[in-house]
Amino acid sequence: MNRQEKLSYTGRMRQEIVKELARMEKKKKRLKLKIYLLFVLPVFIVILAVKVLRTYLHLKLRRVGKALRPVPARKEPIEAEYITPEPVVTEPASETDRSDTKPEATVKITEEW
């Protein structure tokens, strides 16, 4: 037999507040679980799948690389090219071209600084 006590107004309000807090805690836990399942877990799964795939491909390529033998390269004959040097003709400097004057240099000064 359940015996119900008559609660005062403040007792009933306190009981309602406790129930509401428990309900809010449940909602909070559900929300955290939803966020984890929607955002965190898929990212973790994708990262893990990428790492597994990279490792698998790395192992597969290593196995294929061991199975292949090196392919010999074909050597094609190349005609040899010979360069014959040409003699350089030097002419003596004539005395008429000789000048004792220094060449003049022109300097243009601008004030764009």
Check your understanding: What ³J(HN,Hα) values, in whole Hz, does the Karplus curve 6.51 cos²θ - 1.76 cosθ + 1.60 give for the range 10-24 when θ = phi - 60°, with x put for Gly and Pro?
Key -> 5, x, 5, 5, 4, 5, 5, 5, 5, 5, 5, 5, 5, 5, 5
Exercise for review: Mind grabbing the accessible area of Val18 for me, 1.4 Å probe, Å², rounded to tens?
Suggested key: 90
Revision key, fill the gap. Probe 1.4 Å, all chains present, heavy atoms only: Leu21 accessible area in Å², nearest 10, is 100
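In a shell of Cβ-Cβ distance under 12 Å around Glu20, excluding Glu20 itself, what net charge do Lys and Arg (+1) and Asp and Glu (-1) give?
Neighbour charge sum, excluding Glu20 itself: +3.
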**Study point:** With DNA, RNA and ligands ignored, accessible area of Glu86 (1.4 Å probe; Å², nearest 10)
**Key:** 150
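The values are calculated or read from the model by the stated rules, or taken from the named source; none is laboratory data. Note that the structure is a prediction, hence the values are computed from the model and not measured. Methodologically, a virtual Cβ is constructed for each residue, glycine included, from the backbone with ideal geometry; neighbour enumeration extends over all protein chains shown. Just the protein is used for accessible areas: all its heavy atoms, side chains included, with ligands, DNA and RNA removed. Shrake-Rupley method; radii C 1.70, N 1.55, O 1.52, S 1.80 Å.
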